[in-house]
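For reference, the structure discussed in these notes is given below.
Read the figures in this text as sums done on the coordinates, not as results from a lab. Note that the structure is predicted; figures quoted are calculated from it, not measured. Here the Cβ is made from the backbone with ideal geometry for all residues, glycine too, and neighbour counts use every protein chain on show.
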Amino acid sequence: MSERKNEEKNLLAAYYGKKAFVKIKQCLEIGKIQFSFVDLNNTKDHIDCYMLAEEFGAILMASITDKSLLKAIMDEKAKGEQYPKPIWMSPVGGNATGNNGKPISRYFEIAPGSSSEVLFTAYSFPAEQNDNGAFIKVKGSKAILTLRVPCTFNDLKVLQYKWSFLEKDYMSEKYSLLNMKSDYQPRYEDTYASESAEEKEKAIEAKMKTIRLVATSALEPVKGKSNIKVCQVTENGNIHRLICLMDKIADKKKLSSFESQLNSRVSANGTLEFSAEVAEKDSDYYLTRFA
């Protein structure tokens with residue numbers, strides 16, 4: 001009884017035909033929507049298809065909201081063919097043991113029905129697993145199982161209406177700033193630009209030391225910060241960034257000479273060895289004056 005109650009709580013829609021039915025369930029604990037197609041005469045014959053919640057909302061449900069799915073159905077229906085062609089196909093999925101212990105590929109299509117407004121048709125095929133782990137239908141193979149379920153366009157509109165509440169709740173939490181953690185590693189210009197004036201001063205007031213450095217790249221201006229230039233230096237084999245706050249260095253003549261010599265050496269594939277007083281912050285050196 002509890003299992004039945006739980007299933008109904010997850011149920012977004014259920015459509016029944018003469019030979020099969022489909023239940024559309026939210027499985028948002030794994031970020032997906034399930035379309036479970038079942039044969040009415042033998043419930044062991046079933047096809048479970050899954051869509052990512054984002055694809056379900058942004059593609060299928062959106063096409064119901066903007067009526068593009070309805071238009072495509074009506075346009076195909078107007079051709080007057082006995083068996084209208086599909087106007088939408090789900091992403092292809094599969095598993096390794098669905099065909100008596102062998103891989104299957106599965107998907108469903110939406111088409112105009114010959115005697116209904118909308119027809120869902122689900123297929124499962126023998127499959128092969130490619131190098132990326134995807135289950136690909138065996139070329140030229142026939143469907144192991146085909147299940148067809150009709151519904152109306154109003155049925156789909158009710159499905160979209162129900163999803164709109166769930167989508168807002170689920171997506172707003174999943175894609176909140178609190179829930180999404182970035183692995184972004186900022187470049188110097190990003191970190192410096194975000195620092196307050198007080199933090200910048202603290203960098204200069206950090207523990208000073210006079211050291212021997214070897215510059216291996218030219219001084220390059222930081223984007224959007226014309227008074228800041230950066231180059232790469234090594235100290236005892238360790239690589240650092242040397243950050244030059246141009247307006248903080250008192251000896252402008254020596255600074256200009258250093259920059260000119262460095263650019264000349266680097267353009268000739270060389271390096272420049274020099275002594276300087278620096279303030280160390282993390283792994284960066286801030287140039288305060290030349291020794």
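Here are the numbers for the structure shown:
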| read-out | value |
| --- | --- |
| Debye, to nearest 20: dipole size of the chain, +1 on Lys, Arg Cβ, -1 on Asp, Glu Cβ | 620 debye |
| In nm, spacing of pseudo-spin labels at K44 and K18 (7 Å Cα→C-beta vector) | 2.6 nm |
| Total charge dipole magnitude, region 2-174, about the Cα centre, Cβ charges on Lys, Arg, Asp, Glu only, Debye to nearest 20 | 440 debye |
| Global geometry of region 224-291, whether rounded, prolate or oblate, following the gyration tensor of its Cα atoms and the 1.5 cut on a/c | rounded |
| Taking the convex hull of Cα positions in the chain, its mean projected area over all directions (nm²) | 26.2 nm² |
| Unsatisfied cross-links (Cα-Cα over 27 Å) in the set K44/K162; K19/K142; K32/K79 | K44/K162; K32/K79 |
| Acute angle (nearest 10 degrees) that the helix 153-174 long axis makes with the longest principal axis of the chain, alpha-carbon atoms | 30 degrees |
| Relative contact order for region 1-133, counting Cα pairs under 8 Å that sit 6 or more residues apart, in percent | 14 percent |
| Sites matching trypsin sites (Lys or Arg not before Pro) across region 71-153 that sit in DSSP coil, with at most 14 neighbouring C-beta atoms within 10 Å | K79, K139, K142 |
| Contact order relative to length of the chain, as percent, for alpha carbon pairs under 8 angstrom and 6 or more apart | 11 percent |
| Selection from I144, S172, H46, by position along the positive dipole direction of the chain (Cβ) | I144 |
| Region 211-258, relative contact order in percent, only Cα pairs under 8 angstrom and at least six apart counted | 28 percent |
| Dipole of the chain [Lys/Arg +1, Asp/Glu -1 at C-beta], most positive-end residue of T216, L262, L70 | L70 |
| ³J(HN,Hα) computed for each position of region 70-85 - Karplus, 6.51 cos²θ - 1.76 cosθ + 1.60, integer Hz, glycine/proline x | 4, 4, 5, 5, 5, 5, 5, 5, 5, 5, x, 6, 5, 10, x, 7 |
| Prolate/oblate/rounded call for region 20-76, Cα gyration tensor, a/c under 1.5 rounded | oblate |
